[in-house]
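Below is one structure, written out as C-alpha cells; comments come after it.
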Amino acid sequence: MKNALLAALWIFTPACIFVWEKDLVASVPEPAAAQETRAKSKDPIALARLGDGKPVCGLGKEFHVGRRAELMKRAGDQLLVFRGLAGPRENLAFRQDKNFWYLTGVESPDAALVLDGKKKKAILFLPEQNLEQEVWNGEIWDAGDGWVKELSGFDEVRPNDQLLKTLDKMLDGRKKIGTNLGPSIVLAGSYDAAGPFEDGQERDPLDGRVSREKALAQKLGEELKVEVFDVNPTLVEMRLVKQPEEIAAMKRAARAGAVAHIEAMRSTRPGIGEWELDGLMSFIQVREGAFGKAYEAIVGSGTNACSLHYDTNARRMQKEEIVLVDYGPEVDHYTTDITRSWPTDGKFTKRAAELYDAVLAAQKAGIAACKPGATIMAVQKATEDVIKERGLSKYVLHGPCHYIGLEVHDPGDYQKPFVPGVAFTVEPGLYDREAGIGIRIEDVIVITEKGCEVISELAPKEREEVEKTVQVEGILDRLAANGE
C-alpha cells in the first residue's frame with residue numbers, strides 16, 4: 001500500500017523531495033550525485049550557504065547600496081546614524097539587527113553606519129582587528145580588512161571608536177540627527193513581540209532600562225547637543241514593498257519550509273510526539289538553507305490545535321485527531337510562515353473534513369481577492385464571507401492576514417492598498433474546542449502587476465492530497481523500523 005501511495009504522490013511533489021530523503025535515510029549510491037547536482041545549481045538554497053565559507057554581504061552589495069540610497073533620498077539632507085548589535089550574551093551565533101542588516105548586509109558585531117543625505121555619503125564603522133578573538137570565533141569584520149569595501153559597496157570604512165568624532169564633524173551646522181528608535185529585531189523576532197517587551201522593561205519599577213535604541217538617542221543628544229528624530233517609520237515604508245532580491249529570498253525560505261511540512265506529514269502517525277515533528281522539521285529546514293526558525297514551532301494535536309500559538313509541543317498524537325503545524329524558517333534573513341493541518345492517521349473524520357473544506361475554500365477566496373489596489377481588509381472580508389455562508393463564524397478566533405518579510409510579522413499599515421511587491425499571509429482558521437479540532441491553512445502571498453503569486457504552495461493542501469501524503473512512509477517511520 002505504501003509503495004502505491006508513493007507512486008501516486010509523485011505526481012504532486014517535486015522530485016527533489018525524494019532525492020534528499022534518500023540521502024538522509026537510505027544506503028544507496030544516488031545521494032552523492034544528487035548533492036553534486038544541487039551544488040552546481042544556479043539557484044542556491046541560501047546566499048549565506050554557498051559552501052565556500054567566505055564572508056557574504058547580505059543579498060549582495062547592489063541591494064544594500066540601493067537601500068541606503070533610497071533612505072537618503074527619502075530623508076533629504078539629514079544626517080543619519082545606526083548601530084548594529086554587539087556580540088551575543090548567549091553561546092550562540094551572532095545575528096544582526098534586521099534594520100541594520102537591511103541597510104548594510106553586515107552580519108558581524110559592533111558595526112555602525114552613518115548616512116549623510118546632503119553629501120550622499122555612506123560610512124561603515126567597524127571594530128579594530130582582534131586576532132585573539134578571531135582565533136576563537138573565526139573571521140570578524142574589522143576596519144582593517146581590505147576586502148570589506150569591495151564586498152559591501154562602501155567607499156569608506158573607519159574604526160568604530162571614531163563614530164562620535166565623525167558625527168560631530170559631519171553635522172556641519174545641522175541641529176538634528178536621525179536614527180532608528182524601533183526595537184532591535186533578530187532571528188525569530190518581530191516588532192509586535194520586541195516592542196511590548198522593551199516597553200514593559202522600561203515601565204517596570206524594579207528595572208526601568210530603556211531600549212538600546214533609546215539609549216543611543218539620549219547619548220547623541222547629550223554628546224552632540226542635537227535633537228534626535230526617529231527614522232523607523234521611513235524604514236517601515238521602505239520594507240513594505242519588497243525588491244526582487246527580497247522576494248527571491250522569501251521564496252528560498254518558503255521552499256525550505258514547504259519541504260519540511262511535506263516530510264512532517266509523511267512522518268505523522270498516532271503515537272508520534274509533537275516534539276518529534278518539531279525536531280524533524282527543524283533539521284530539514286536547516287538542511288535546506290535556513291539560519292534557524294522564523295518563530296517557535298507550533299505543533300498542536302487534538303485540543304492543542306485550538307490554542308493559536310501553542311508551542312509546548314509535549315503531547316503524543318492519538319488516532320482520529322488533527323495535528324496543526326504552523327512552522328517556518330528564516331533564510332538569508334527573510335522569513336516564511338506556513339500552516340497545514342492534517343489527520344494523524346491519514347483520514348479526516350466527518351467533522352474535521354467539514355471544517356477543513358470550509359477553511360480551504362475561505363483561503364482560496366481570500367487569495368482570489370489579492371491584487372493591486374485591494375487591501376488586507378478586503379481579503380479578510382472574502383474569507384469571512386465563505387465561513388459565514390457555511391454557518392461557522394463562531395469558530396473564528398483570529399484575522400486571516402499579516403505582513404511578512406524580514407520579520408514573520410512585518411510592520412505596516414493595514415489600510416494601505418496593495419502594490420506590486422507587498423507580501424503577506426492568508427491564513428483563515430476554524431477552532432471547534434468541543435470537538436478538539438483546530439484547522440488553519442496558511443500561505444505567503446506576493447502582489448504582482450496583474451494579481452498575486454502564492455510562493456509557499458509546494459506543501460500540499462487539497463484534502464485528498466494531504467491524506468495521501470500522510471499515508472506515505474516518512475523519515476520517522478524508517479527510524480522506528482530500524483529501532484532508533
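Residue by residue, here is whether (1) at pLDDT below 95; (2) touching a strand residue (DSSP E or B) at 6+ places or on another chain (Cβ under 6 Å); (3) within 19 Å of Trp101 (Cα to Cα) holds:
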{"site": "Ile177", "(1), (2), (3)": "no, yes, no"}
{"site": "Ala194", "(1), (2), (3)": "no, no, yes"}
{"site": "Ser211", "(1), (2), (3)": "no, no, yes"}
{"site": "Ala215", "(1), (2), (3)": "no, no, no"}
{"site": "Lys219", "(1), (2), (3)": "no, no, no"}
Given the condition in a helix (DSSP H, G or I) and among the small types (Gly, Ala, Ser), answer yes or no: does some residue in the range 420-427 qualify? no
Those helices (runs of 4 or more DSSP H) lying entirely in the range 75-163 with at least 3 residues touching a helix residue (DSSP H, G or I) at 6+ places or on another chain (Cβ under 9 Å): 98-104, 148-152
What number of residues in the range 418-447 are without any contact (Cβ under 8 Å) to a residue 60 or more places away in the chain and of a type outside the set (Asp, Glu)? 2
Search result, residues across the range 173-192 that are within 26 Å of the chain's Cα centre (by Cα) and open to solvent by 60 Å² or more (accessible area, probe 1.4 Å): Tyr191, Asp192
With the requirement that a residue be more than 16 Å from the chain's Cα centre (by Cα) and of a type in the set (Ser, Thr, Tyr), what does the range 245-285 give you? Ser267, Thr268
Is there a residue being in contact with a strand residue (DSSP E or B) (Cβ under 6 Å, 6 or more places away or on another chain), under 25 Å from Lys169 (Cβ atoms) and open to solvent by 10 Å² or more (accessible area, probe 1.4 Å) anywhere in the range 105-117? no
Which numbered condition Met281 fails, given (1) open to solvent by 10 Å² or more (accessible area, probe 1.4 Å); (2) without any contact (Cβ under 8 Å) to a residue 60 or more places away in the chain; (3) under 19 Å from Ile441 (Cβ atoms): (1)
Positions within the range 118-149 being at negative phi, out of contact with any Pro (no Cβ under 9 Å at 6 or more places or on another chain), open to solvent by 60 Å² or more (accessible area, probe 1.4 Å) and among the charged types (D, E, K, R), in sequence order: Lys118, Lys119, Lys121, Glu132, Lys149
For Asp230, indicate whether it is open to solvent by 10 Å² or more (accessible area, probe 1.4 Å), among the acidic types (Asp, Glu), more than 23 Å from the chain's Cα centre (by Cα) and modelled with pLDDT of 95 or more. yes
Could you grab the pairs with beta carbons closer than 7 Å, sequence gap of 6+ or different chains, first residue in the range 64-89 and farther than 21 Å from Leu126 by Cβ, second one assigned to a loop (DSSP other than H, G, I, E, B)? Ala75/Gly117; Ala75/Val231; Gly76/Gly117; Asp77/Gly117; Asp77/Lys118; Gln78/Gly117
When the range 150-172 is examined, which residues are found to be under 24 Å from Lys61 (Cα atoms), among the charged types (D, E, K, R) and either open to solvent by less than 20 Å² (accessible area, probe 1.4 Å) or out of contact with any strand residue (DSSP E or B) (no Cβ under 6 Å at 6 or more places or on another chain) (or both)? Glu150, Asp155
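The values are calculated or read from the model by the stated rules, or taken from the named source; none is laboratory data. Since this is a predicted model, take the numbers as computed values, not measurements. Cβ: placed from backbone, ideal geometry, glycine included. Neighbour counts: every protein chain shown. Accessible surface is based on the protein model in full, side chains and every heavy atom, while ligands, DNA and RNA are left aside. Shrake-Rupley method; radii C 1.70, N 1.55, O 1.52, S 1.80 Å.
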